[in-house]
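I have placed the structure first, in the form of structure tokens, so that the comments after it can refer back to it.
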Amino acid sequence: MELVSLRFVDINGNAKELLIPEEKFREGRRDGFGFDGSSVQGFVRRFESDMLLIPEYHYTVDNLKIYFCDVYGHDGKPCGADPRVVLKNSMEAVREEGVSFLAGVELEFYLFSGRQPMDGAGYFDVSPRDKAYRMKLKVVEALEKVGIEWESTHHEVGPGQNEVDLKYDVATKTADKVLLAKDFIKQIAEEESLSATFMPKPIEGRPGNGMHVHLSLAEEGRNLFYDREDEYQLSEDGKRFLAGILEHAKALTAVAAPTVNSYKRLGEFEAPRYVYWGRRNRDALVRVPHFFSPSSARVEFRLSDPSANPYFLLSGLLASGLDGIEKGLELENPIERDIYEDGTYKTLEEVPSNLKEALEELKRDRVVRKSLGGAYEKFVELKEEEWKLYERRVVTDWEWKRYWEA
């Protein structure tokens, strides 16, 4: 039997699926496929429950066709709270000008055997120290099999920590690919009797999982961020785009680091905490990596982690960058030194230190707020509830150790 998987995401970026036979798919593709939207976190209320999945394109995994879908309401219009629709709406501003918004992603994850990291290997280690070597080969083979291009894969700094880098593509497709890659990684890990986690900070005192995002704008195949004559080979639009991201960095933190756990990653092991940019400086919030051709000119946003909803994240980054271009924001000089060694960090703005602070910054930022479209109010509501649950109900191991004898 040939099956069709209709995929979409909830407001937290969790993948959802409706599985149907291919015959039913052929019969109903034009009109879409109904489901109860009130049961999906962040969409609609109970009395507005009937919604439709409108498939766009697919990947084939063995006998399964996986279609990524937009969510429509009962009125036949795109659902403003659907994260994929939110990103598409944000991209319309550049699409009308004939410009493409491109993104590539570095996806980090830990592999555990039971409660322990699967190996004690470190950065770029090889087999047999890297116990995940065979598993990573299976992941990239799975990506290739469905036509997803990847740049590289390697062992990361933490024990049991690994990374897979996805080649840049139009932003909506990149977000789709992130979801599919995470699915492959988790499934293949289970086949190897392992557990994969994208939790931002799974181990105290070890590096957290980041999801670095590489961004550029292109027009008719020409990279709009490239300028051969510039010191950094970065165009004026590229600089202003970068300046816009720095301008809105505090509010962006709410969508880039959207969980309580996210903030335990920031400020350690090259995970940024202060708002500045650099080229070789991997502590910077935004980096301009060295590139070898005009087509690879880009900026790298290093704050985000894999718990982020990729559609909201890319929508917020695009809106912030375009705001920088529209306002002609000036880019300050890069910092290419250790900001802690000479005390420079004391002069820099700091991103929010927890989810509650990040949500307050989001509420104050018109540009990032608008980038979330119809999902904004529900996103804030759900995240504020998450913070309250953590603050009031969670008793951590740290609290037990510190206060048990008090």
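The values are calculated or read from the model by the stated rules, or taken from the named source; none is laboratory data. Since this is a predicted model, take the numbers as computed values, not measurements. Every residue, glycine among them, receives a Cβ derived from its backbone with ideal geometry; neighbour counts consider all protein chains shown.
From the list Gly267, Gly244, Gly321, exactly one residue is at pLDDT below 95 and within 20 Å of Glu361 (Cα to Cα). Which is it?
Among Gly267, Gly244, Gly321, only Gly267 is at pLDDT below 95 and within 20 Å of Glu361 (Cα to Cα).
Can you tell me which residue in the stretch 260-311 is surrounded by the fewest Cβ atoms within 10 Å (Cβ to Cβ), limited to those that are closer than 20 Å to Phe379 by Cβ and of a type in the set (S, T, N, Q)?
Ranking the qualifying residues of the stretch 260-311, first place goes to Asn261.
Scanning the stretch 124-141 for residues that are among the hydrophobic types (A, V, I, L, M, F, W, C) and over 20 Å from Asn209 (Cβ atoms), which turns out surrounded by the fewest Cβ atoms within 10 Å (Cβ to Cβ)?
So in the stretch 124-141, the residues among the hydrophobic types (A, V, I, L, M, F, W, C) come out as 124, 126, 132, 135, 137, 139-140.
When the remaining residues are screened for being over 20 Å from Asn209 (Cβ atoms), the result is 126, 137.
Values: Val126: 10, Leu137: 12.
The selected residue is Val126.
Return a yes/no flag: does the stretch 88-99 have any residue that is in a strand (DSSP E or B) and more than 17 Å from Ala171 (Cβ to Cβ).
From the stretch 88-99, those in a strand (DSSP E or B) are 99; that's our starting set.
Keeping just the survivors that are more than 17 Å from Ala171 (Cβ to Cβ) gives none.
No: zero hits.
Check Glu247 against each of (1) crowded, with 23+ Cβ neighbours inside 10 Å; (2) closer than 16 Å to Ser315 by Cα; (3) not polar (S, T, N, Q) and name the one condition it does not meet.
(1)
Does His58 meet the test of being in contact with a strand residue (DSSP E or B) (Cβ under 6 Å, 6 or more places away or on another chain), surrounded by fewer than 16 Cβ atoms within 10 Å (Cβ to Cβ), modelled with pLDDT under 95 and not assigned by TED's automatic domain parsing to the domain that holds Gly324?
no
From the list Tyr390, Tyr376, which one is at pLDDT below 95 and among the aromatic types (Phe, Trp, Tyr)?
On the way: Tyr376 fails: at pLDDT below 95.
Only one candidate passes the filter, namely Tyr390.
Looking at the stretch 291-333, which of its residues are part of a helix (DSSP H, G or I), farther than 18 Å from Val105 by Cβ and either touching a Gly at 6+ places or on another chain (Cβ under 8 Å) or outside the structural domain of Asp230 (by TED's automatic domain parsing) (or both)? Give the steps one after another, and end with the answer.
Step one: list which residues in the stretch 291-333 are part of a helix (DSSP H, G or I), which gives 294-296, 310-327.
With the extra rule that they be farther than 18 Å from Val105 by Cβ, the set shrinks to 294, 319, 322-327.
Selection gives Leu322, Asp323, Gly324, Ile325, Lys327.
Of Lys201, Lys186, Lys138, which residue is in a helix (DSSP H, G or I) and touching a helix residue (DSSP H, G or I) at 6+ places or on another chain (Cβ under 6 Å)? Even if it seems obvious, please write down each step before you answer.
Details: Lys201 fails: in a helix (DSSP H, G or I); Lys186 fails: touching a helix residue (DSSP H, G or I) at 6+ places or on another chain (Cβ under 6 Å).
Sole residue among the options that is in a helix (DSSP H, G or I) and touching a helix residue (DSSP H, G or I) at 6+ places or on another chain (Cβ under 6 Å): Lys138.
Within the stretch 108-125, can you find the residues that are farther than 18 Å from Glu192 by Cβ and touching a helix residue (DSSP H, G or I) at 6+ places or on another chain (Cβ under 9 Å)?
none
Give the residues of the stretch 144-171 that are assigned to a helix (DSSP H, G or I), touching a residue at least 40 places away in the same chain (Cβ under 8 Å) and surrounded by fewer than 22 Cβ atoms within 10 Å (Cβ to Cβ), sorted by residue number. Walk me through how you get there before you give the answer.
First, the residues of the stretch 144-171 that are assigned to a helix (DSSP H, G or I): 144-145, 171.
Okay, now just the ones that are also touching a residue at least 40 places away in the same chain (Cβ under 8 Å), so 145, 171.
Hit for the stretch 144-171 is Lys145, nothing else.
Out of curiosity, is Tyr67 touching a residue at least 40 places away in the same chain (Cβ under 8 Å), touching a His at 6+ places or on another chain (Cβ under 8 Å) and among the hydroxyl-bearing types (Ser, Thr, Tyr)? Walk me through it before giving the result.
Values: touching a residue at least 40 places away in the same chain (Cβ under 8 Å): yes; touching a His at 6+ places or on another chain (Cβ under 8 Å): yes; among the hydroxyl-bearing types (Ser, Thr, Tyr): yes.
It is true that Tyr67 is touching a residue at least 40 places away in the same chain (Cβ under 8 Å), touching a His at 6+ places or on another chain (Cβ under 8 Å) and among the hydroxyl-bearing types (Ser, Thr, Tyr).
May I ask you to list pairs of residues, at least six apart or on different chains, whose Cβ atoms are under 6 Å apart, with the first in the stretch 81-109 being within 21 Å of Leu224 (Cα to Cα) and the second being among the acidic types (Asp, Glu) and modelled with pLDDT of 95 or more?
Gly98/Glu219; Val99/Glu219
So, of the residues in the stretch 344-358 that are part of a helix (DSSP H, G or I) and touching a residue at least 24 places away in the same chain (Cβ under 8 Å), which turns out to be surrounded by the most Cβ atoms within 10 Å (Cβ to Cβ)?
The first filter runs over the stretch 344-358 and keeps only residues part of a helix (DSSP H, G or I), leaving 344-347, 355-358.
Still in the running and touching a residue at least 24 places away in the same chain (Cβ under 8 Å): 345, 355-356, 358.
Details: Tyr345: 17, Leu355: 23, Lys356: 18, Ala358: 25.
If we take residues in the stretch 344-358 being part of a helix (DSSP H, G or I) and touching a residue at least 24 places away in the same chain (Cβ under 8 Å), then Ala358 is surrounded by the most Cβ atoms within 10 Å (Cβ to Cβ).
Do we find a residue being at pLDDT 85 or above, surrounded by 14 or more Cβ atoms within 10 Å (Cβ to Cβ) and over 25 Å from Gln187 (Cα atoms) anywhere in the stretch 40-53?
First, the residues of the stretch 40-53 that are at pLDDT 85 or above: 51-53.
Now drop any that are not surrounded by 14 or more Cβ atoms within 10 Å (Cβ to Cβ), which leaves 51-53.
Retained after the next criterion (residues that are over 25 Å from Gln187 (Cα atoms)): 51-52.
Looking for residues that are at pLDDT 85 or above, surrounded by 14 or more Cβ atoms within 10 Å (Cβ to Cβ) and over 25 Å from Gln187 (Cα atoms), one finds at least one in the stretch 40-53, hence yes.
Being surrounded by fewer than 18 Cβ atoms within 10 Å (Cβ to Cβ), at negative phi and of a type outside the set (Lys, Arg) narrows it down to one residue among Glu341, Glu361; which is it? Spell out how you get there, then give the answer.
Values: Glu361 fails: surrounded by fewer than 18 Cβ atoms within 10 Å (Cβ to Cβ).
The match here is Glu341.
Kindly list the number of the only condition in (1) in contact with a helix residue (DSSP H, G or I) (Cβ under 6 Å, 6 or more places away or on another chain); (2) more than 27 Å from Ala271 (Cα to Cα) that fails for Ala103.
Going through the list (1) in contact with a helix residue (DSSP H, G or I) (Cβ under 6 Å, 6 or more places away or on another chain); (2) more than 27 Å from Ala271 (Cα to Cα), Ala103 breaks only (2).
Among Glu336, Glu361, which is closer than 21 Å to Lys264 by Cα and either in contact (Cβ under 8 Å) with a residue 24 or more places away in the chain or not assigned by TED's automatic domain parsing to the domain that holds Lys201 (or both)? So that I can check it myself, show each step before the final result.
On the way: Glu336 fails: closer than 21 Å to Lys264 by Cα.
Testing whether each residue is closer than 21 Å to Lys264 by Cα and either in contact (Cβ under 8 Å) with a residue 24 or more places away in the chain or not assigned by TED's automatic domain parsing to the domain that holds Lys201 (or both) leaves just Glu361.
What is the number of the single condition among (1) surrounded by fewer than 22 Cβ atoms within 10 Å (Cβ to Cβ); (2) in contact with an Asp or Glu (Cβ under 7 Å, 6 or more places away or on another chain) that Gly324 does not meet?
Checking Gly324 against (1) surrounded by fewer than 22 Cβ atoms within 10 Å (Cβ to Cβ); (2) in contact with an Asp or Glu (Cβ under 7 Å, 6 or more places away or on another chain), the one that fails is (1).
Whether any residue in the stretch 89-107 is basic (Lys, Arg) and within 28 Å of Val140 (Cβ to Cβ) is what I want to check. First the steps, then the outcome.
Of the stretch 89-107, the ones basic (Lys, Arg) are 95.
Imposing the further condition that a residue be within 28 Å of Val140 (Cβ to Cβ) reduces the set to none.
No, because not a single residue in the stretch 89-107 is basic (Lys, Arg) and within 28 Å of Val140 (Cβ to Cβ).
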